[in-house]
Amino acid sequence: PGSMETPTVDVSTITRKFLDVPYATQSPSQKLDIYLPPEGEGPFPTLIFVHGGAFIFGDKRDTQLLQALDGINRGYAVVSVEYRRAMEAKYPAGLFDVKAAIRFLRAHAAEYKLDPERFASCGDSAGGYYVVMAAATQNNPAFEDLSMGNPEQSSAVSAVVTWFGVFDMLKQRNDPPPQDSPMADPNMPNIDMLLYGAPSAQISGLMHFTNPLNFISKDFPPVYISHGTADVVVPVVQSQMLAEKVRSVLPPEKVEVDFLEGFNHGGFDLRWNEKEYVDRTFRFLDKHLK
């Protein structure tokens with residue numbers, strides 16, 4: 001109560017794991033956890049998870065991981081990436097971190113029993129933004145800091161999953177949140193100032209470069225988009241705009257959209273972790289990675 005912190009997942013019973021592996025050297029935040037299925041020698045298809053938390057909260061081992069972590073029971077390696085949040089570094093630091101983590105994993109795939117040809121990314125809320133933005137700009141050198149390591153490796157993925165993500169940040173800031181939204185809390189930190197260093201409305205030209213909808217092309221990987229229609233944190237219109245954009249450039253078989261009637265944001269609505277909805281995600285991943 002009174003905190004935005006999320007409980008941590010107990011991973012002590014997972015027998016095959018590598019925790020707090022550094023993928024870059026600029027910050028202690030640049031670490032990831034790798035979880036392997038209990039059996040098999042791989043190489044395993046790999047699901048790379050990026051947590052949410054309004055760009056200022058969250059942790060790679062909190063309960064946001066639960067949906068993705070079920071992948072180890074389905075034959076996937078699961079990687080959870082920590083990144084520099086807005087309290088520490090401004091945009092695009094987090095985006096650069098996600099891409100550096102993917103390059104690191106591809107460079108060290110054999111060491112960790114990962115299949116570098118079968119990488120998928122997934123994220124919720126702010127993490128959903130990062131995985132979509134990373135995929136939308138995966139061949140654009142302006143959106144990647146190769147000095148962070150493994151510059152010869154690609155940060156591309158073969159599929160993307162986004163749960164209740166935010167994409168058009170300028171619209172998100174300009175549309176007033178519902179009164180029952182945590183974003184309407186006067187004690188909520190000023191995300192614009194922390195993430196960008198300025199109010200987004202005053203830097204609308206620069207905000208163009210934060211919006212993945214401006215960069216999605218026919219090279220975008222297959223995508224699964226899921227969002228609740230009653231989300232009071234990130235309105236469902238964010239995922240509706242993403243769905244419209246990807247449908248305009250990708251063939252129908254590469255786009256799956258799942259708007260869940262009456263669902264609120266993850267963390268506030270625990271139904272997201274029910275087996276039925278986890279199964280939907282992995283049916284999509286199986287189709288494109290297996």
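The values are calculated or read from the model by the stated rules, or taken from the named source; none is laboratory data. Since the model is a prediction, treat every value here as computed from it, not as a measurement. FYI the Cβ positions are ideal-geometry reconstructions off the backbone, even for glycines, and counts take in every protein chain you see. Just so you know, the surface numbers come from the protein's heavy atoms only, side chains and all, with ligands and any DNA or RNA stripped out. Shrake-Rupley method; radii C 1.70, N 1.55, O 1.52, S 1.80 Å.
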Nearest 10 degrees, 0 to 90: helix 126-136 Cα axis against the chain principal axis: 70 degrees
Calc'd 3J(HN,Hα), segment 64-69, phi into Karplus 6.51 cos²θ - 1.76 cosθ + 1.60 (θ = phi - 60°), Hz, glycine/Pro = x, comes to 4, 6, 4, 4, 5, 4
Please tell me the relative contact order of segment 32-126 in percent, rounded to the nearest whole number, where contacts are Cα pairs under 8 Å and at least six residues apart. 45 percent
Placing one identical point scatterer on every Cα of the chain and ignoring solvent, what is log10 I(q)/I(0) from the Debye formula at q = 0.09, 0.10, 0.15 Å⁻¹? -0.38, -0.47, -1.16
For Glu253 and Gln202 in one chain, what is 0.36 nm times their gap in residues minus the Cα-Cα distance, to one decimal in nm? 14.4 nm
Glu88 paired with Asp10, simple spin-label distance in nm, labels 7 Å along Cα-to-beta-carbon: 2.7 nm
Compactness of segment 14-77 as Cα Rg over 2.2 N^0.38 Å, two decimals: 1.18
What's the angle, to the nearest 10 degrees (0 to 90), between helix 275-289's Cα axis and the longest principal axis of the chain? 60 degrees
Rounded percent of accessible protein surface that carbon and sulfur make up, the chain, 1.4 Å probe: 52 percent
Difference of contour (0.36 nm per residue) and Cα-Cα distance, Asp180 to Ala230: 16.9 nm
Once you sort the root eigenvalues of the Cα gyration tensor of segment 186-247 as a ≥ b ≥ c, which label holds: rounded (a/c under 1.5), prolate (a/b larger than b/c) or oblate (the other case)? oblate
Please give every one of the lysines within straight-line cross-link reach of Lys275, meaning a C-alpha to C-alpha distance under 19 Å, and leave out same-chain neighbours fewer than 8 residues apart. Lys287
Projecting each Cα onto the charge dipole of segment 54-96 (Lys/Arg +1, Asp/Glu -1 at the beta carbon, about the Cα centre), which of Gln67, Ala86, Ala54 comes out farthest on the positive side? Ala86
Loop only per DSSP, at most 15 neighbouring Cβ atoms within 10 Å: give me the trypsin sites (Lys or Arg not before Pro) in segment 14-69, ordered by residue number. Arg16
Whichever aspartates and glutamates have a C-alpha closer than 13 Å to that of Lys171, once near sequence neighbours (fewer than 8 apart) are set aside: Asp192
How large is the charge dipole for segment 95-178, taken about the Cα centre, if only the Cβ atoms of Lys, Arg (+1) and Asp, Glu (-1) carry charge, to the nearest 20 debye? 80 debye
In debye to the nearest 20, how big a dipole does the chain give about its Cα centre with +1 on each Lys and Arg Cβ and -1 on each Asp and Glu Cβ? 560 debye
I'd like the Karplus ³J(HN,Hα) series for segment 98-112: coefficients 6.51, -1.76, 1.60, θ = phi - 60°, whole numbers in Hz, and an x wherever there's a Gly or Pro. 4, 5, 5, 5, 5, 4, 4, 5, 5, 5, 10, 4, 4, 4, 9
Angle, helix 237-249 long axis vs. longest principal axis of the chain, Cα atoms, 0 to 90°, nearest 10? 60 degrees
If you filter segment 1-99 for GluC sites (Glu not before Pro), then keep DSSP loop positions with at most 12 other Cβ within 10 Å, what is left? Glu5, Glu39, Glu41
At what distance in angstrom do the alpha carbon centres of segment 3-55 and segment 132-155 lie from each other? 20 Å
Amide H contacts of Gly53 (H built 1.01 Å from N, under 5 Å, at least 5 apart or other chain): Ala126, Gly127
So what is the accessible area of the chain per residue, in Å², with the probe set to 1.4 Å? 42 Å²
Net length gained if the chain between Asn190 and Phe18 were fully extended (0.36 nm per residue, minus Cα distance): 58.4 nm
Using a ≥ b ≥ c from the Cα gyration tensor of segment 161-290 (square roots of the eigenvalues), is it rounded, prolate or oblate, where a/c under 1.5 gives rounded and otherwise the larger of a/b and b/c decides, a/b for prolate? oblate
So for segment 55-163, using the alpha carbon gyration tensor with a ≥ b ≥ c as root eigenvalues (a/c under 1.5 gives rounded; past that, a/b versus b/c decides prolate or oblate), I'd call it oblate
Per DSSP H run of at least 4 residues, take -39500 (n - 2.57); add these up for the chain, divide by its residues and hand me the 222 nm value, nearest 500 deg cm²/dmol. -7000 deg cm²/dmol
